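Below you'll find the structure, written out as structure tokens, and then a few comments.
The values are calculated or read from the model by the stated rules, or taken from the named source; none is laboratory data. Bear in mind that the values here come from a model prediction, so they are computed numbers and not experimental data. Glycine gets a Cβ as well: all are built from the backbone with ideal geometry, and neighbour counts include every protein chain shown. We work out accessible area using only protein heavy atoms, side chains counted, and drop any ligands, DNA or RNA first. Shrake-Rupley method; radii C 1.70, N 1.55, O 1.52, S 1.80 Å.
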Amino acid sequence: MPEQSHDRTSRTCAVEDLDSRLRTAIATLTGTELLGDAAATAVACVETRSVPRRRSGVFARLLGGGPSHETLTAAVLLPGHLLVSVADLGTGRTTALSGRLADMTVTEVDQRLAVDSGVSVLTRWSNRPEAESMHVALGADPAGVAFKDMLRHAVRSAKAG
């Protein structure tokens, strides 16, 4: 069984209370994709801090895994979309993507491959030509578990309706 690679802590918050890098990326994304005001329409919002448990070794780097940095992840649930923004605190790079709930598949991370409390989300992110799977970091704490449950329920409802 692999060991846990990151310590993750999530907190429930309003979009306005997200780290400024995440909030700016979300605002840019919603403006570009015409998704409206995320702060006004958010059903749920969570911010997760992920801290690597140990540095990547030489073997991991040879296999393509560079050094792992601390990250912040925002997951914002809108009535029809999931917005995800990730800020890499080591490189300063921040990205943001959106996906339609009706097109998503949400699965647990395979514990045989990695011990992680987040979820894998398969969808066509931000109008990319093909569906891709993305790991959404969530803590095993009450805020992370509650968001995961809300996301699953929202995806089921979107697919049923």
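Quick notes on this structure:
- For region 143-161, filtering for residues that are within 16 Å of the chain's Cα centre (by Cα) and either over 19 Å from A96 (Cβ atoms) or not aromatic (F, W, Y) (or both) leaves 11.
- When residues in region 42-71 are screened for being open to solvent by 100 Å² or more (accessible area, probe 1.4 Å), within 27 Å of R11 (Cα to Cα) and modelled with pLDDT under 70, 2 of them pass.
- Hey, A143 modelled with pLDDT of 95 or more and in contact with a helix residue (DSSP H, G or I) (Cβ under 8 Å, 6 or more places away or on another chain) or not: no
- Qualifying residue in region 111-118 (condition: modelled with pLDDT under 95 and under 17 Å from T12 (Cα atoms)): yes
- At least 3 residues being touching a strand residue (DSSP E or B) at 6+ places or on another chain (Cβ under 7 Å) and open to solvent by less than 30 Å² (accessible area, probe 1.4 Å) is the threshold, and among the strands (runs of 3 or more DSSP E) wholly inside region 72-161 those reaching it are 81-88, 94-100, 119-123.
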